[in-house]
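So the structure is just underneath, and the comments pick up after that.
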Amino acid sequence: MLSCNLEVTGLSLGINLLQRHRFCRMGKHKENGISATWEQNNVIFFCDLCIKEIELGNRPTTHFSRDGWNNLMNKFCERTGKSYDQKQMKNKWDQLKKEWKLWRELKQGETGLGWNSTRKTIDASN
């Protein structure tokens, strides 16, 4: 991982990357691996990353491409210091998708509720 480079700046950069990699691999361990914890700001950042990867064409069908997942994992780790694998990110994606579908149903009035776009609240009759 750390390449041999006699230049001082290159060596410092290599050591910095190695330290960041080790830090990103740290996490809460559970029986089957590392348990992902998602703070609200990280969820928002994850959503922003997903949007960017979609715009870059790294979700050509219904799934992210290999490059898309790698970009998500690397950029998320660089920003948050949390190194989640593809399965953990996919689980979060699936959870957010379910929540979005429920929100869409509530907002579109299929439950008898409506949406007040002025106040940005759900309308319900008594």
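The values are calculated or read from the model by the stated rules, or taken from the named source; none is laboratory data. As the structure is a prediction and not an experimental result, all values here were calculated from the model. Glycine also receives a Cβ, built like all others from the backbone with ideal geometry; neighbour counts cover every protein chain displayed.
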Qualifying residues in the range 85-126 (those that are among the small types (Gly, Ala, Ser) and surrounded by 12 or more Cβ atoms within 10 Å (Cβ to Cβ)) - the one modelled with the lowest pLDDT: Gly109
Cβ-Cβ under 9 Å pairs, at least 6 apart or on other chains, the range 92-121 side under 29 Å from Lys82 (Cβ atoms), far side exposed (fewer than 10 other Cβ atoms within 10 Å of the Cβ) and modelled with pLDDT under 80: Arg104/Glu110
Residues (farther than 15 Å from Val43 by Cβ and crowded, with 19+ Cβ neighbours inside 10 Å) located in the range 74-84: Ser83
Every residue from the range 46-58 that is crowded, with 16+ Cβ neighbours inside 10 Å and either out of contact with any Ser or Thr (no Cβ under 7 Å at 6 or more places or on another chain) or in contact (Cβ under 8 Å) with a residue 24 or more places away in the chain (or both): Phe46, Leu49, Cys50, Glu53
Yes/no for Leu13 being of a type outside the set (Lys, Arg), assigned to a helix (DSSP H, G or I) and either at pLDDT below 90 or surrounded by 11 or more Cβ atoms within 10 Å (Cβ to Cβ) (or both): yes
